[in-house]
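J.: Please see the structure below; I have some questions.
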Amino acid sequence: MSLSENLSKEEKGMSRIGRMPVAIPAGVTVEIAEGNKVTVKGPKGTLVRELPREMEIKIEDGHVIVSRPNDLKRMKSLHGLTRTLIHNMTIGVSEGYTKTLEVNGVGYRAAKAGKKLTLNLGYSPPVEMEDPEGIETKVDGNKIIVSGISKEKVGQYAAEIRDKRRPEPYKGKGIKYADEVIRRKVGKTGKK
């Protein structure tokens, strides 16, 4: 393989994500203000974010197109990031994001009253957490469902809840993500 072939492959591979236009779903509006301040409004709410000024963000026939000024490594990484952030914002305001946690363990449970989430995790007193702005939690049996329009905030709050009692590897007691697999360890057994 010659050097020129290698370069063209490298160019094709970098920032394929950045080049993909972001389709604006029905019922969602995207506004781009000075300094790349992007406002995305949709049925679930509004998200505003200042994106890297180096990127050029345009709206063309129902799509948001992000382009970069040059091929420096930093610009390439910002290109993909900017596009992904806009994509996440459009999904957030149209569909929203959810993360499901499971509470496992004898006597471990979660309860919800107003904006307060109360976790009984074997500590005294119980752990109380208040839903942050724009985030909602629901308790369904041993499941805690965290939902909101900002992917980052939903992920962050779900991680904070999980940190209150991480799953332990012997009996799997604690709070885990619904799709998380806990590597189990075998406990010590007495010799006969």
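The values are calculated or read from the model by the stated rules, or taken from the named source; none is laboratory data. Since we're looking at a predicted model, the values are computed, not measured. Ideal geometry is used to build each Cβ from the backbone, glycine not excepted, and the neighbour counts take in all protein chains shown. Note: areas computed on protein heavy atoms with side chains; ligands, DNA, RNA excluded. Shrake-Rupley method; radii C 1.70, N 1.55, O 1.52, S 1.80 Å.
J.: Straight-line reach from Lys76: which lysines have a Cα under 29 Å away, not including same-chain ones fewer than 8 places off?
T.: Lys9, Lys12, Lys37, Lys41, Lys58, Lys151, Lys153
J.: Turning to a different aspect of this structure: Given R₀ = 45 Å, FRET efficiency for Lys37-Val186 by Cβ-Cβ distance, to 0.05?
T.: So, using R0 = 45 Å, E works out to roughly 0.25.
J.: Non-local amide H neighbours of Arg165 (under 5 Å, H modeled in plane, Pro and chain starts lacking H): which ones?
T.: The answer is Ile175.
J.: Can you give the FRET efficiency to the nearest 0.05 for Glu50 and Thr29, using r as the Cβ-Cβ distance and R₀ = 22 Å?
T.: 0.75
J.: Next question, about the same structure. How much net charge surrounds Pro69 when only the other residues with a Cβ under 10 Å from the Cβ of Pro69 are counted, with Lys and Arg +1 and Asp and Glu -1? Don't skip to the end; give the middle numbers.
T.: Values: positive: Arg68; negative: Glu54, Glu56, Asp71.
That works out to -2.
J.: If I take all pairs of Cα atoms in segment 10-73, what percentage of them are more than 16 Å from each other? Numbers along the way, then the final one.
T.: Working: 1051 of 2016 pairs.
Counting every Cα pair in segment 10-73, those more than 16 Å apart make up 52 percent.
J.: Next question. Note the per residue figure in Å³ for the convex hull of the C-alpha positions in segment 90-192.
T.: Per-residue hull volume (Cα only) is 111 Å³.
J.: Now, a different point. Convex hull over the alpha-carbon atoms of the chain: what's its volume per residue in Å³?
T.: Spread over its residues, the Cα hull of the chain gives 194 Å³ apiece.
J.: Using protein chains only and a probe of 1.4 angstrom, how many square angstrom of Glu128 are accessible, to the nearest 10?
T.: Counting only protein heavy atoms, the figure is 110 Å².
J.: Kindly state, to the nearest 0.05, the FRET efficiency for Thr100 paired with Leu72, given R0 = 41 Å and r defined as their beta-carbon distance.
T.: 0.50
J.: Which whole DSSP H helices in the chain pass both tests: a Cα extent of 30 Å or more along the axis and a mean Kyte-Doolittle value no lower than -1.0?
T.: Qualifying helices: 73-94.
J.: Give me the percent of accessible area attributable to carbon and sulfur for segment 35-192, probe 1.4 angstrom.
T.: Ligands and nucleic acids excluded, carbon and sulfur give 49 percent.
J.: Leaving ligands, DNA and RNA out of it, rank Ser150, Ser124, Ser77 by accessible area with a 1.4 Å probe, largest first.
T.: Ser124, Ser77, Ser150
J.: With θ taken as phi - 60° and the coefficients 6.51, -1.76 and 1.60, list the Karplus ³J(HN,Hα) couplings across segment 24-29 in order, rounded to whole Hz; mark glycine and proline as x.
T.: Once θ is set to phi - 60°, the couplings for segment 24-29 become 8, x, 4, x, 10, 10 Hz.
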